[in-house]
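Student: This structure is in structure tokens; I'll ask about it shortly.
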Amino acid sequence: MIQLYIPLNFLGVLYREVKQSLTDLDKMFGLLSREREVADAPGARPLDVREAAVRFEHVDFAYDPSGKKARQILFDVSFEIPGGKTVAVVGPSGSGKSTLARLLYRFYDVGAGSIRIDGQELRSVTQDSLRRAIGIVPQDTVLFNDSIGYNIAYGRPGASRAEIEGAARAAHIHDFIVAQPLGYDTVVGERGLKLSGGEKQRVAIARTLLKNPPILIFDEATSALDSANERAIQAELKSAAQGKTALVIAHRLSTIVDAHQIVVLQHGRVAERGTHAELLALGGVYARMWQLQQSQPDPVAARG
Ligand code: ATP
């Protein structure tokens with residue numbers, strides 16, 4: 001009986017973990033209760049990460065290509081993130097920025113063109129290996145109704161307490177955690193401790209630091225944090241991105257002036273591409289967005 005019980009119990013735990021991680025990721029990407037669209041190709045191989053260079057090549061995409069309301073979202077999008085560099089994507093609301101992140105994580109397959117990591121097409125590698133290679137700091141972090149330690153360890157199941165604390169320190173959330181009555185065992189969520197937007201983002205950064213993946217996706221929150229918090233989070237993101245390949249979806253242009261390249265999306269097309277200085281000199285869409293944000297007290301209001 002015990003022999004039977006243990007594997008079943010284990011399966012239960014496994015099922016819960018898998019289900020929970022899918023729920024988490026789906027929520028992160030706003031894809032609640034929908035069928036997952038992609039599957040491993042027969043003979044798919046694990047992703048072999050070397051430089052972690054990412055390349056979008058002539059990508060077209062529609063969410064529901066065969067549906068009645070099929071609408072193309074991305075048109076012939078090409079850009080490259082050299083290994084270890086940061087590329088930022090900016091553009092008006094609805095221009096397709098988050099869609100690029102979803103495609104890189106292979107929540108969907110591209111309609112035409114390809115996405116490659118170190119030359120390997122995403123469709124030819126196992127999803128498991130792809131998702132291990134990518135860490136995401138989403139706009140709105142989903143926290144489980146569990147301890148704050150569990151919520152951070154979720155970045156790397158099996159991490160030791162010392163590793164969890166190390167990540168929390170680096171994300172500047174450790175002091176906040178130890179000030180709670182039960183420290184790392186304090187339960188967060190609907191019936192537990194409520195975290196502010198900035199604290200949640202720090203938990204997401206700690207998770208990602210613990211996972212330590214070669215590729216990062218940062219989806220900058222659209223909601224404004226106070227400016228001291230904002231600057232601190234930016235500094236933490238920057239140190240998390242050190243030496244990693246990063247795709248940053250930015251709403252505040254001031255946060256991405258140092259990016260290796262900035263891609264300006266408009267209606268699903270690459271309208272402009274270059275460094276901050278090059279795009280300002282171009283005097284086009286980006287330069288106008290920059291001027292607008294400079295003259296606004298609340299930069300978030302200047303989106304699009
Ligand atoms: P924001 O700055 O507001 O986050 P964005 O540039 O990231 O916007 P996306 O989220 O990529 O834009 O959305 C691009 C377009 O795709 C929008 O018109 C949106 O309505 C549509 N879209 C997004 N998700 C889905 C989905 N799951 N199914 C169908 N259409 C979608």
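Read the figures in this text as sums done on the coordinates, not as results from a lab. These numbers were taken from a predicted model, which means no experiment stands behind them. With ideal geometry, Cβ positions are generated from the backbone for all residues, glycine too; neighbour counts draw on all protein chains shown.
Student: Convert each backbone phi in segment 132-139 into a coupling constant with the Karplus relation 6.51 cos²θ - 1.76 cosθ + 1.60 (shift: θ = phi - 60°), then list the ³J(HN,Hα) values in order as whole Hz, x for Gly and Pro.
Tutor: 6, 7, 10, x, 10, 10, x, 4
Student: With N set to the number of residues, divide the alpha-carbon radius of gyration of segment 240-281 by 2.2 N^0.38 Å and report two decimals.
Tutor: Ratio of Cα Rg to 2.2 N^0.38 Å: 1.20.
Student: Around Asp60, which amide H atoms from residues at least 5 apart in sequence, or from another chain, sit under 5 Å from its own amide H, with H modelled in the peptide plane?
Tutor: Asp76, Val77, Gly111, Ala112, Gly113
Student: If we count every other residue with Cβ under 12 angstrom of Leu193's Cβ, Lys/Arg +1 and Asp/Glu -1, where does the sum land?
Tutor: -1
Student: For Ala277 and Glu51, what does the FRET efficiency come to when R0 = 30 Å and r is the distance between their Cβ atoms, rounded to the nearest 0.05?
Tutor: For R0 = 30 Å, the calculated efficiency reads 0.70.
Student: Each residue of segment 203-211 in order: what ³J(HN,Hα) in whole Hz does its phi give by Karplus 6.51 cos²θ - 1.76 cosθ + 1.60, θ = phi - 60°, with x for Gly and Pro?
Tutor: 4, 5, 5, 4, 4, 5, 4, 5, 5
Student: With the cut-off at 1.5 for a/c, could you classify segment 145-208 from its C-alpha gyration tensor as rounded, prolate or oblate?
Tutor: Rounded, since a/c falls under 1.5.
Student: Okay, moving on. Sort segment 143-251 into rounded, prolate or oblate with this rule: let a ≥ b ≥ c be the square roots of the eigenvalues of the Cα gyration tensor; rounded if a/c is under 1.5, and if a/c is not under 1.5, prolate when a/b is larger than b/c, oblate otherwise.
Tutor: It comes out oblate by the Cα gyration axes.
Student: In whole Hz, with x marking every Gly and Pro, tabulate ³J(HN,Hα) for segment 269-285 from phi via Karplus 6.51 cos²θ - 1.76 cosθ + 1.60, θ = phi - 60°.
Tutor: Result, rounded to whole Hz: 10, 6, 8, 8, 7, x, 7, 3, 5, 5, 6, 5, 5, 5, x, x, 4.
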